[in-house]
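These notes concern the structure reproduced below.
The values are calculated or read from the model by the stated rules, or taken from the named source; none is laboratory data. Every value quoted in this text rests on a predicted model; they were computed, and no experiment measured them. Cβ atoms come from the backbone with ideal geometry, glycine included; neighbour counts cover every protein chain shown. Remember, those area values only see protein heavy atoms, side chains included, never the ligands or the DNA or RNA. Shrake-Rupley method; radii C 1.70, N 1.55, O 1.52, S 1.80 Å.
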Amino acid sequence: DCSATGKTVYLEPLSVVEVNNNLAELEADERIEIHRILREMTAWVREHMAQLADTQDVLARLDELSARARLAEDLGGSMPRLERSGGILRIVRSRHPLLLLGRSSDGASAATSNRTERSAGREVIPLDLCLEGNTKALVISGPNMGGKTVVLKTVGLLVLMAISGLFVPAADGTVIPWVDEIFVDIGDEQSLDFDLSTYAGHLRNMEAILARATSRSLVLIDELGAGTDPDEGAALGLALLEEIGKRSCPCIATTHLGAFKAFASAAPGFANGAMEHDPETLAPTYTLQVGLPGRSHAFELARREGWSRSILQNASKLLSGDQVRTESLLTQIQRQREMLREEREQLRQEREELAEIRAESQRLSDALQEKIDLVQVEKAIEEDRRLQGLQRLLREVKERILQLEASEEVPDLSALRRWVHQQEREASALKKTQKRVVRRAGQTGARMLSPQELTPGRRAYSRSLGIEVTVAKCEQDTGRCWVLHKGLRVQVPVSDLAQPEAAERTEVPKSPVVIQTAGTEATREAAAEIVSFEVDLRGMDLETCLCQLDLYLDRAILTGLTVVRIIHGKGAGVLRRGVKQFLEAHRFVSSSRDGEPGEGGWGVTIAFLRPASDAAGKMSGAGKPKTGRTDPRGAIDGL
């Protein structure tokens, strides 16, 4: 071949011709194969058209739900409660979605865009607003650039988001009415194409509101009465508000005109609201305060923008006396409210501090009462142990006196007899005291707990112990219950446990070994009801461990137990060594050994107890007292 000019000639070597033809054939085959594949795929798609369409719908729905979830996370949104009957609009700590995201919409007004730009990267002030009960409409006033329009847009967006199934950027407790329509008059509707002025656009919107608004509609109006003669604009706006009030239509309107402020303060169903500002710097705080109208602060804003003092003074002279008095009164009211708010905040802090002090006092009182209860229990146990010792010693002394009197050599026992009588009187007094304690404990009218109520961990009042205990295990078949108190695990009858709230505390709690009747057998029977064959000392320090072990051994010996199981755990071995040394020095312990593998190993010590009668016998010396000894203690030692 050759080029178009004929100056270039293209030559194809003969050896390449066949290869080039093969390449062209392969390319043709490729096109045929691609066409075949596309035709088969098209047939497959046509065959599964319904399934693919359903899949597409499901994917679109999932994509929408995912977008809703991501938006809720970005806004920190919550699910509001929709009020189907309408009439309640309660917004709790809400924020404008675009301000929260740090960007403005294309259709936002200049003031809103500036407000958004100022809010970008800063904390957005939350909005609290409530229309319920008799209050159906709110008239918001305040200075320019104070956030009035942002309030309207926030309310409108939150209502639209809620009825569209979106989470709203507000706290829990937010209630959104289920509205059928939202009427909004915000911004400038003037148009050369439609021969509309600024106020004409507002009039068209108001006409639509009057024609279609119902009690299930939401009306949002910005700068009510602006754009025309103030008197005429105020008259038309008041007529509109009166009609909205008759229809019980939820409405929020912003204004600067004093006529609307006076109307909202007197008309039923209406309330005033004000956008607050810093009283010192006049900087807006973007916080809505319901109850009082707000000031426009036109003179202060003009002064801050650099207007001359003479012009401002001339403008002040042109204000009517009523306007001056009204502005002065509003200023005083706002100052008083600010003072009341500070006092209320101070009172709240003082109440919190007082509550903390009361809680700490109660904690200390409970801890002190717990220590008092423990001391009383230990005191009762010590008195009982002393009583038992006195009775045992007196019995042995009397027997020895009879033996000495029967012998040929009779010593002077007058001093010893006097001492015996003195100890008998002391033992009788102790016995009477403990009987009074027992009687007082038996008079309690607490409700008894059934075996089904005695679940592990429940607090109960033990009438025999005279203290509150924790239920560890209830054995319904035997009618007995294991309870815990201060590391001690004891067994009591089910009938011994009552409601802790209704139980009356005695002056001196009754110990587990209080003598109810005279005689050793009765004492052992009373003690046997509550003393276990084992004691758990794990988790205690050494001093507490030995104190509890001493008390436990006293009860076990009084009960008549001969073998006890002491659980001290393994750990570092401190409790084990301390228990061993204590048992070796105890006069009622004959021997001890480590537990067998099936008994707990060396985390347990098995102690063999000497009966109380044997121990008392070993205390009796073999020698006899010398004649004429007058020291009672010496006489006893001799015996």
Worksheet item: Too long at a 21 Å Cα-Cα cut-off: which of LYS153/LYS246; LYS136/LYS246; LYS371/LYS580?
Response: LYS153/LYS246; LYS371/LYS580
Worksheet entry | Surface accessible to a 1.4 Å probe, TRP307 within the full protein complex, Å² | 150
Worksheet item: What FRET efficiency, computed as 1/(1 + (r/R0)^6) with R0 = 35 Å and r the Cβ-Cβ distance, is obtained for ALA171 and LEU65, rounded to the nearest 0.05?
Response: 0.90
Worksheet item: With every protein chain left in place, what is the accessible area of GLU345 in Å² (1.4 Å probe, nearest 10)?
Response: 70
Practice prompt. May I ask you to order 219-230, 73-84 by the average number of other C-beta atoms within 10 Å around their residues, highest value first?
Written response: 219-230, 73-84
Item to complete: Kindly sort VAL9, VAL574, VAL17 by accessible area of their heavy atoms, largest first, with the probe set to 1.4 Å.
Response: VAL9, VAL574, VAL17
Worksheet entry | Order of exposure, largest accessible area first, which applies to ASP1, ASP180 with probe 1.4 Å | ASP1, ASP180
Discussion item. Would you report the distance distribution of C-alpha pairs in the stretch 197-289 as whole percents per 5 angstrom bin, up to the bin with the largest distance?
Written reply: 3, 12, 23, 22, 18, 13, 6, 3, 1, 0
Worksheet item: Mind checking Rg over Rh on the stretch 7-111, alpha carbons, Kirkwood formula for Rh?
Response: 1.43
Item to complete: Return the FRET efficiency for the residue pair THR478, ILE163: r is the Cβ-Cβ distance, R0 is 51 Å, and the value is rounded to the nearest 0.05.
Response: 0.20
Worksheet item: Spin-label point model (7 Å from Cα, Cβ direction): what's the SER495 to GLN581 distance in nm?
Response: 4.7
Practice prompt. Report ³J(HN,Hα) in whole Hz for each residue of the stretch 543-552, in order, from the Karplus equation J = 6.51 cos²θ - 1.76 cosθ + 1.60 where θ = phi - 60°; Gly and Pro get x.
Written response: 5, 5, 4, 5, 5, 5, 5, 4, 4, 5
Worksheet entry | Nearest-10 value in Å² for the accessible area of ARG351, using the 1.4 Å probe | 140
Fill in: Solvent-accessible ranking of MET540, MET145, MET275, largest area first, probe 1.4 Å
MET145, MET540, MET275
Worksheet item: Modelled label-to-label distance, GLN346 and THR544, 7 Å Cα→beta-carbon offset: nm?
Response: 4.6
Practice prompt. Kindly state, to the nearest 0.05, the FRET efficiency for LEU38 paired with ASP366, given R0 = 51 Å and r defined as their beta-carbon distance.
Written response: 0.05
Worksheet item: Taking the simple approach of a point 7 Å from Cα along Cα-to-Cβ for both ARG93 and ALA235, what is their distance in nm?
Response: 4.8
Response to the item:
By the mean-Cβ-within-10 Å protection proxy, highest first, 361-371, 255-265 rank as 255-265, 361-371
Worksheet entry | Contour minus Cα-Cα distance for ALA267 and ILE357 (0.36 nm per residue) | 27.7 nm
